[in-house]
Amino acid sequence: MPPRGKITPEFSDTATPEMRECAVMVRGLCERALEQAFRSQRAIAKEVPIAPSALTSYTQGRVVPSPEVVARLHEIAVGCCSGNNTDALPSLEDLLEVRRNAAASKQGLGSDAVRTQLARLQTARQRQMSAPVPSSPSDGAVPPTPAADDAIRHLRAGRETDAFSLFWHIGQTHTPTEIRDVVASYTIAREAEAADAVLASASERGAEDILRITASLLEAQRHHDAAALVEAALQRIG
């Protein structure tokens, strides 16, 4: 187990050099908070606030954090410094520049990853739709997250790369409940491909996350979505 204040060095295989630099930046901010005040990354994530799995995805270089998250992490790190000992911290302007470079380096990466998995998930869904699984409810619209709103706006404006990059981000960083609600919202809005894109991204997450997302979908009686997610994940692993 790494000592307190240190985060185990593990980077995503798909991270560009710029994304790794961004991940190191996020780790540095988290480590400062861990050294001074916080007991765990989960506590830091709660303070931002974001899902703990989202913070992990940032520290591993799988996903580039938003400018707002970078600014909030910087604010937390500064607040954890005793007295005025903030000289060792990079300026917010420098941090945002690192974040911009990382975002530029991954342009299209998220959208390509979703497109790669989308056919697999849709094949799984076709197979599940022919199986005797209870139908998912079609009522009870849930307000989508801001990222989900932005993704649909991009999609309807013909900016598919931007839309699919956001679908990837949603599936990789949102909590199980948020993913369930986004998928339900997209389905109700007759944006089936958008719903499948989010599930396709989610199918790339770790086994524990996939189980939690599946449980959330089943709790909402979204049986076909849950079955398609699990089968797509199993196809990827197998």
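Here, each number is a calculation from the coordinates, and none is a lab measurement. Small disclaimer: the values here were computed from a predicted structure and weren't measured. All Cβ positions, even for glycine, are placed from backbone atoms using ideal geometry, and neighbour counts span all protein chains on display.
Ranking of Arg20, Arg153 by neighbouring Cβ atoms within 10 Å, starting from the fewest: Arg153, Arg20. Close amide H pairs (under 5 Å, H built 1.01 Å from N) link Glu204 with no residue at least 5 positions away or on another chain. If a/c stays under 1.5 just call it rounded; otherwise compare a/b with b/c (prolate if a/b is bigger, oblate if not). Do that for the stretch 17-105, with a ≥ b ≥ c from the square roots of the Cα gyration tensor eigenvalues. Oblate, because a/c is 1.5 or more while a/b does not exceed b/c.
Computed packing ranks the peptides 203-212, 217-226 as 217-226, 203-212, most packed first, by mean other Cβ atoms within 10 Å. Here Val48, Val70, Val26 are placed in order of increasing Cβ neighbour count within 10 Å, fewest first, which gives Val48, Val70, Val26. Panel order for Cys80, Cys30, Cys22, by other beta carbons found within 10 Å of each beta carbon, from fewest to most: Cys80, Cys30, Cys22.
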